[in-house]
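See below for the structure under consideration.
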Amino acid sequence: MNHDSIEVWGKYLFVFLAGLLVASVAAFLWRLAARPLGFVDAPGERRIHTLPVPTGGGIAIFAAFHAACAAIYFLPWLPFKGQLSLDWWEDFVAISSCVVLIGLVDDRLRLNPRTKFAGQVVVALVAYWQGLHVGNLFGVPLPWAVDIAVTVIWFLILMNAFNLIDGMDGLAAGLGVVAAAGLGLSLLFRHFPSDVLICLALAGACVGFLHHNFHPARVFMGDTGSMFLGTAIAAIALGTASKGTAMASIGVAILAVGVPILDAGLAVWRRSVRSYLRPDGSEAEPLWGLAKGDDEHLHHRLLRKGFSQKQVALVLYTFGAFLGGMGVLSSIKQEYALGTLLMAFLVGVYVVIRHLAWIELWDSGLAVLARVERRRPRGRAVVFYPVLDVVWMGISLAIALLLADDGLKEGSLKKEWMQAAPWVIGIPFLLLVASRSYSRVWSRARVSEYALTGGAALGGMLLSLCATVFFCEHPVRQCITVAFLYIGMAVPAIVGARAFFRVVQDGMAWRSRVTSGYKDARRILLIGAGPECQLFLKEASLQHTLAGRIRVVGILDEDPGLRGRWVYGYRVLGGLDQLESVLAMTRAEEICIVDLLEASQLDPITAAAKRRGLTVRQWKTALQTLETS
């Protein structure tokens, strides 16, 4: 290996080690200075740590990153191809210094959310002014006003994503390593080896700090470090985004910091629902209510599931590495980039819905149901559904015409639509009116009423097909194709719009176990799988405060044909003769009887509950006669 090759490869190692060593030494020195300066994070209600810990240690990451960058730009290395020039670094020194200053003040004095948010906006505007901006989307230049807005939003998202995820030892720093590695590999495969050094500098700084920050942490990075990490990754992504690769750089960055962005998205969703869509009908909180912290971030939920802090960190590192790897893969195989990103999106959606977002879904469902149950003017519903049906049928018709004939131009599409609309929209609409679809309360409708509405819409569309074939001079095959596409889009939308609230309602009853994410959710075992069980689950979803938050762990029923099968979304685990073993297996905290049982059946249940110290409740629905005399 010649001297040039040694220098090429040695440069990468040197920069990484420079960031690591400087961060490790700087973090140690900051630990000594933090307490006398008042940078101490005391234990609190939402805190995981139990002893005061020095905070503001992100200044060590800041110092180490820029020390490694100085080695990149000032040592006499052989020239490398890249887009992050000395000018970029000089601009970023000013930007990151502002961020660190805001972070230090916040870690020392605890700024209010408005002031901190205003400071973040100023930092993003400074970045735009110094040339770090999105510029274009998919190769199309953005108007300056839109460019400013998108750039500011980009910086705000990443700064606050790392800020919100920084709630556990080593988590933000480790995810910073994952994000820097993902960006670096992407740049390497896009043939910008010099820019990889910047990512290595950031990764090395995070690794050096992680030595002091991994559980049990001896120093916290605080807002100083979390906001700096978000700003650094945002600036690197924009700095490497040329006219043709802006979306590639931003897309890889989004996946590389997927875990912090996911956590921040869930936090905004959760807090928005609780602030603005309040189930109790109380007055909504202002925008700054979203800044109120809670203990339902991803790491809090994993901790409640029994993971240790180290295990939680490793799980989230792994998930972040997977998302970052998908971003890198899209850079390597650019011809498959769309498919790769789509696959990452689908996997991410599955993981979120299946494992992570049940608290948000539960709160959203409660808010939707509460809104439905409130009294509203009758006229609003009477107008809403007819307008929605006509608009959706019109859109479906236009799409069907386009799909059936790719050669349609704008003028001919308009002409075809105008000719067909009176028949294919008017006839179904009249049948929907005749079926009394617009006078029903759909949140309290029966299944047969949805079927009647769907049948009315379908019948009307088939009648309109006959009228179109009879009166219009179009090939029958083309008419059938258009009708097939039109029906396939319009009928499900018409029925689905009405069924939405019932789907939410049934989903809340079926998945009441989603409350397992709450600390106060009780594990209950239901006795009885008859119709009363369904009524109980429905009432529990609508009036969850009646018995507090619950998690149904299973059902027992005496019907042998139900054993091992699923009813109302829950598994029938056995009969009453298996009560003891089921209680041990499910770790139930309460028994709820939702069926009519004889006294001989109640005695074994109460005896088993007494031995285990469990509460037994009986839910009843009965018809009572009131005295009129």
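The values are calculated or read from the model by the stated rules, or taken from the named source; none is laboratory data. Here the structure is a predicted model, which means the values were calculated and not measured. Every residue, glycine among them, receives a Cβ derived from its backbone with ideal geometry; neighbour counts consider all protein chains shown.
For the reader, a short list of remarks on this structure follows.
- Count of region 188-225 residues which are acidic (D, E) and either outside the structural domain of R35 (by TED's automatic domain parsing) or out of contact with any Lys or Arg (no Cβ under 8 Å at 6 or more places or on another chain) (or both): 1
- Being surrounded by 24 or more Cβ atoms within 10 Å (Cβ to Cβ) and closer than 20 Å to P216 by Cα is a property that L183 lacks.
- When I591, I555 are checked against the criterion of being out of contact with any helix residue (DSSP H, G or I) (no Cβ under 6 Å at 6 or more places or on another chain), of a type in the set (V, I, T) and either assigned to a loop (DSSP other than H, G, I, E, B) or surrounded by 13 or more Cβ atoms within 10 Å (Cβ to Cβ) (or both), I555 stands alone in meeting it.
- Taking region 367-459 as the region of interest, the helices (runs of 4 or more DSSP H) fully inside it that hold 1 or more residues being of a type in the set (D, E), in the same structural domain as Y486 (by TED's automatic domain parsing) and at pLDDT below 90 are 410-424.
- Restricting attention to region 422-459, the residues that are surrounded by 17 or more Cβ atoms within 10 Å (Cβ to Cβ), farther than 25 Å from R502 by Cα and within 41 Å of the chain's Cα centre (by Cα) add up to 2.
- The set of residues in region 599-612 that are modelled with pLDDT of 90 or more and farther than 14 Å from E580 by Cβ is empty.
- Only one of the listed residues (V178, V122, V105) is free of Cβ contacts under 8 Å to residues at least 40 places away in the same chain and closer than 21 Å to A23 by Cα. That residue is V105.
- Candidates V152, V123, filtered to the one that is touching a Cys at 6+ places or on another chain (Cβ under 6 Å), assigned to a helix (DSSP H, G or I) and farther than 16 Å from A321 by Cα: V123
- Selected residue (only one of A172, A217, A161 is touching a Gly at 6+ places or on another chain (Cβ under 9 Å) and within 17 Å of R31 (Cβ to Cβ)): A217
- If you go through region 197-243 and keep only what is of a type in the set (D, E) and either at pLDDT 95 or above or in a loop (DSSP other than H, G, I, E, B) (or both), you end up with nothing.
- Checking I157 against (1) of a type outside the set (S, T, Y); (2) surrounded by fewer than 24 Cβ atoms within 10 Å (Cβ to Cβ); (3) over 26 Å from the mean Cα position of the chain (by Cα), the condition it does not meet: (3)
- For G131: the one exception among (1) in a helix (DSSP H, G or I); (2) modelled with pLDDT under 95: (1)
- Scanning region 88-116 for residues that are within 29 Å of the chain's Cα centre (by Cα) and surrounded by fewer than 17 Cβ atoms within 10 Å (Cβ to Cβ) gives R110, N112, P113, R114, T115.
- Taking each residue of region 53-67 that is closer than 15 Å to D41 by Cα and looking for partners that are of a type in the set (S, T, Y) and assigned to a helix (DSSP H, G or I) with beta-carbon atoms closer than 7 Å, six or more apart or interchain, yields G56/T224; G58/T224; G58/S226.
- Filtered by the rule that a residue be farther than 15 Å from L238 by Cβ and part of a loop (DSSP other than H, G, I, E, B), region 77-120 gives W77, L78, P79, F80, K81, R110, L111, N112.
- Only listed residue being of a type outside the set (S, T, N, Q), in the same structural domain as F220 (by TED's automatic domain parsing) and at pLDDT below 85, chosen from F80, F62, F92, F28: F80
- A search for C-beta distances below 9 Å between a residue of region 550-562 that is under 30 Å from I359 (Cβ atoms) and at pLDDT below 90 and any residue that is of a type in the set (K, R) and assigned to a strand (DSSP E or B), counting only pairs 6+ apart in sequence or on different chains, returns I550/R522; I550/R523; R551/R522; R551/R523; V552/R523; V553/R523.
- Residues of region 460-471 satisfying the condition of being aliphatic (A, V, I, L, M) and modelled with pLDDT of 85 or more: M461, L462, L463
- Filter result for G135 (in the same structural domain as P216 (by TED's automatic domain parsing) and touching a strand residue (DSSP E or B) at 6+ places or on another chain (Cβ under 8 Å)): yes
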